[in-house]
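Since the structure comes first, as structure tokens, the remarks are kept for the end.
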Amino acid sequence: MEKKLVKFFALSVVIFLGSTARAETINTYNGAITVTPGTVSYGEVGTLLNATDMGNLGYSTSWHAPSFPGETAAVQAAGSTLDHWWVQGARNEIKWSLNTAVSAIIAFPGNDHGPLPMENMEYMMWGSNDMNNWSVGSLTAIYHDGLDSTHQNLQDWYATRWDFSQNYQYFKTVGTSGVVTGWTDHDPEMDGIAAAAPVPEPATMLLMGTGIAGLIAARRKKKA
């Protein structure tokens, strides 16, 4: 039993270190961030608040200009559902609300062209509780596959996590140059936002290994 536990711990460490060695790193305004492989878990999805401010509506790299008020419902649905349909703000701000205030959100981009990852990170996220006073969040994580792994091209890659100093109910995307170092475009397409799910510590695997090692030591001590 002890040998199996030791082998499992060693394999876990090798997998953890190997995945770290192959990781992609993006230079951002908030320093170099290592991209988390795969998709990201999330909670409540935000409801789009300013559908009539949107300039474009699209899916993957195709888009068309909405004709209001006829397409307001379609834009509202696209911005309030994580479904790979994206909206682009004519006034460069896209606003959402959550039923429950949170201190961290996941922003899911759309994309009408390349290059990656810059085109998917042309914004910063802001939070508010009254829609008048806004505070900018901090970019803390990037998730390579975003919403799901079925769209292996431009769509929804490089979803971002934004952390705030307090809980907020309202959030907005503001097109911003330089989120990725050296990139100046700032007209983001957004699939939507959602409350962030709890993020496990990066060293979880190592901590689990430490616990296994402790169990082995305790068993040996008991036998002695």
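ASN132: modelled with pLDDT of 95 or more and more than 16 Å from the chain's Cα centre (by Cα), yes or no? In short, yes.
Is the range 75-89 home to any residue that is more than 18 Å from GLU44 (Cβ to Cβ), among the aromatic types (Phe, Trp, Tyr) and either outside any strand (DSSP E or B) or more than 19 Å from the chain's Cα centre (by Cα) (or both)? No, that holds for no residue. When PHE9 is tested against (1) modelled with pLDDT of 80 or more; (2) part of a helix (DSSP H, G or I), only condition (1) is not met.
Yes/no matrix, rows are residues, columns are (1) in contact with a Leu (Cβ under 9 Å, 6 or more places away or on another chain); (2) of a type outside the set (Lys, Arg); (3) part of a loop (DSSP other than H, G, I, E, B):
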site: ASN99; (1), (2), (3): no, yes, no
site: ASN111; (1), (2), (3): yes, yes, yes
site: PRO115; (1), (2), (3): no, yes, yes
site: MET125; (1), (2), (3): yes, yes, no
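Within the range 127-165, can you find the residues that are surrounded by 14 or more Cβ atoms within 10 Å (Cβ to Cβ), in a loop (DSSP other than H, G, I, E, B) and touching a Gly at 6+ places or on another chain (Cβ under 8 Å)? The answer is TRP134, GLY137, HIS144, ASP145, LEU154, GLN155, ASP156, TRP157, TYR158.
Cβ separations smaller than 7 Å between residues 6+ apart or across chains give the following pairs from the range 130-150 residues that are of a type in the set (Asp, Glu) to residues that are not in a strand (DSSP E or B): ASP145/GLY38; ASP145/TRP157. For LEU49, the test of being within 18 Å of the chain's Cα centre (by Cα), hydrophobic (A, V, I, L, M, F, W, C), surrounded by 13 or more Cβ atoms within 10 Å (Cβ to Cβ) and at pLDDT 90 or above is failed.
Could you identify the single residue in GLU71, GLU119 that is surrounded by 22 or more Cβ atoms within 10 Å (Cβ to Cβ) and in contact with a strand residue (DSSP E or B) (Cβ under 9 Å, 6 or more places away or on another chain)? None of the others qualify; the one that does is GLU119.
The values are calculated or read from the model by the stated rules, or taken from the named source; none is laboratory data. Quick caveat, the model's predicted, so the values are computed rather than measured. All Cβ positions, even for glycine, are placed from backbone atoms using ideal geometry, and neighbour counts span all protein chains on display.
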